[in-house]
1. Please identify the pairs in which a residue from the range 17-32 that is within 20 Å of Cys142 (Cα to Cα) and modelled with pLDDT of 95 or more has its Cβ atom under 8 Å from the Cβ atom of a residue that is surrounded by 15 or more Cβ atoms within 10 Å (Cβ to Cβ) and β-branched (Val, Ile, Thr), counting only partners at least 6 apart or on another chain.
2. Please verify whether the range 235-257 includes one or more residues that are in a loop (DSSP other than H, G, I, E, B), of a type in the set (A, V, I, L, M, F, W, C) and either touching a Pro at 6+ places or on another chain (Cβ under 8 Å) or closer than 29 Å to Phe121 by Cα (or both).
3. Ile69: surrounded by fewer than 16 Cβ atoms within 10 Å (Cβ to Cβ) and touching a strand residue (DSSP E or B) at 6+ places or on another chain (Cβ under 8 Å), yes or no?
4. Please give the strands (runs of 3 or more DSSP E) falling wholly within the range 39-145 in which 3 or more residues are under 30 Å from Ala226 (Cα atoms).
5. Taking the stated definitions as given, is Ser288 more than 16 Å from the chain's Cα centre (by Cα), over 26 Å from Asn155 (Cα atoms), outside the structural domain of Cys53 (by TED's automatic domain parsing) and not in a strand (DSSP E or B)?
6. Can you pull out the residues in the range 155-204 that are touching a strand residue (DSSP E or B) at 6+ places or on another chain (Cβ under 9 Å), without any contact (Cβ under 8 Å) to a residue 60 or more places away in the chain and over 25 Å from Asp251 (Cα atoms)?
7. In this structure, is Thr172 closer than 30 Å to Ile211 by Cβ, within 29 Å of the chain's Cα centre (by Cα) and either surrounded by 15 or more Cβ atoms within 10 Å (Cβ to Cβ) or not assigned by TED's automatic domain parsing to the domain that holds Ser24 (or both)?
8. Could you please let me know if Val56 is hydrophobic (A, V, I, L, M, F, W, C) and under 18 Å from Ala130 (Cβ atoms)?
Amino acid sequence: MVATIKKMKTFEVVFNDPSKAYYSSGDKVAGKIVVEVSEVTRVSSMRVIGAGCAKVEYAKGKQRCHDEIEYLKYEEIVHLDNHPRDADGSVTLRPGNRYEYMFGFELPQHGHLVSSFKGKFGYVQYHVKAIMERPSLPHLECKKYFEVEEPLDINTPDLLSPTGGTKEKKVTCMFIPDGQVSLSAKIDRRGFCEGEDICINAKFENTCSRIVVPKAAIIAKYIYQANGRTKVQSEKLCAVRGNHIISGMCDTWQGKTIRVPKLKPSITGCNILRVEYALKIYVHIPGSDKLILELPLVIGTIPYNGFNSRTNSMSSQQSSMASNSWVSLGMPSAPPSYSNISCDCRLDTPLTPLLDDYDADDCPIFMHAPAFQFTPPPAYSEVDEELSGNTHMLQLDCSCVDVEAEEVGMQEFSKLSVRVWTGNIGYALGT
């Protein structure tokens, strides 16, 4: 007769703060191991292991490339509080009770960890594993993963310095020169965080006979290294496009923005796995390779703090002083600037393909004449009361006044009709 072993009712790792999204270097990882049994069970020991590593594995031809780096290794034996033990140190767990083994350990200090990441050919993972050892029975294991995000401050001189470049490409048609396409671009800094806008200043020039289209995209590069070999995987994350540039014309971007989406921070401190980002500015040239300029980016976790309160307070004080000066002089406020009137030119109607420049994840170019809805000019209620009464106002109604002249002193015309409308004066000459 063979005795059957029932499964554990509950055997899991629970963190003290389940809502905590991620841990950083120096933080304490604490929690408990919850156990509930379905039958009487003897436990000789309960071990807790905290582990973290970076692992790369992929096939390169017939060779299997594999490498691994360990970043966290912690182990301890935990006990039940106020629970009787047997002579050999084991404890007996009975059905109907809930047992909790408490644990806690600190993560290594800054510089010894790498942020969590999971890619196609490698990953960086951290977990807590509980191992239950039972006499004469197989060990039981349960595992709980947790995220690690190392702080990366972009407020450093290197990441706050501007970067840019220039590229040009000669275009040929059947080995015959067909002009060239050139671009030059610049951004204010290299370091950004999630949700920030990247302002692009660029100039594009087209002297070839084709219609070209400038574009920009944020791309991610995942670099895996193992067994002396390197594998690179690229991914386009988000993109914007500009207007068509016909032959002999140029176009400029003055502060064109692209927003940084939700991304994992850059990983540069791992020897076998790196995560890098770049702003790719390129020109699509029909029938030819793209003209590409890549500007490196670093995605951090501590956002840019360049806007200080002192500058804002000074500008607010200056604006308040200006407004008070107008009030003290008893003069009306200055009229609003028409440059502040914003118009939304987004495409809200069906689109018609204009030119097929399909490129990877991009969509075709579309032609659309948006209906501009400009804000009407502001109404001015100020009236100069010092106008003299000698000014005469000419009032015209909507009726048409016909004035006929039988003779105008010119032999070519025999009749002149003058028609006057309110706001418009038209002359009609007839024979």
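The values are calculated or read from the model by the stated rules, or taken from the named source; none is laboratory data. These numbers were taken from a predicted model, which means no experiment stands behind them. Because the Cβ atoms are built from the backbone with ideal geometry, glycine has one as well, and the counts that use them run over all protein chains shown.
1. Final answer for the pair search is Val29/Val128; Gly31/Val13; Gly31/Val128; Lys32/Val13.
2. The answer is no; no qualifying residue exists.
3. Against the criterion (surrounded by fewer than 16 Cβ atoms within 10 Å (Cβ to Cβ) and touching a strand residue (DSSP E or B) at 6+ places or on another chain (Cβ under 8 Å)), Ile69 qualifies.
4. It comes to 45-60, 63-78, 122-134.
5. So Ser288 passes the test.
6. Within the range 155-204, Thr156, Asp158 qualify.
7. Here the answer is no, as Thr172 does not meet what is asked.
8. no
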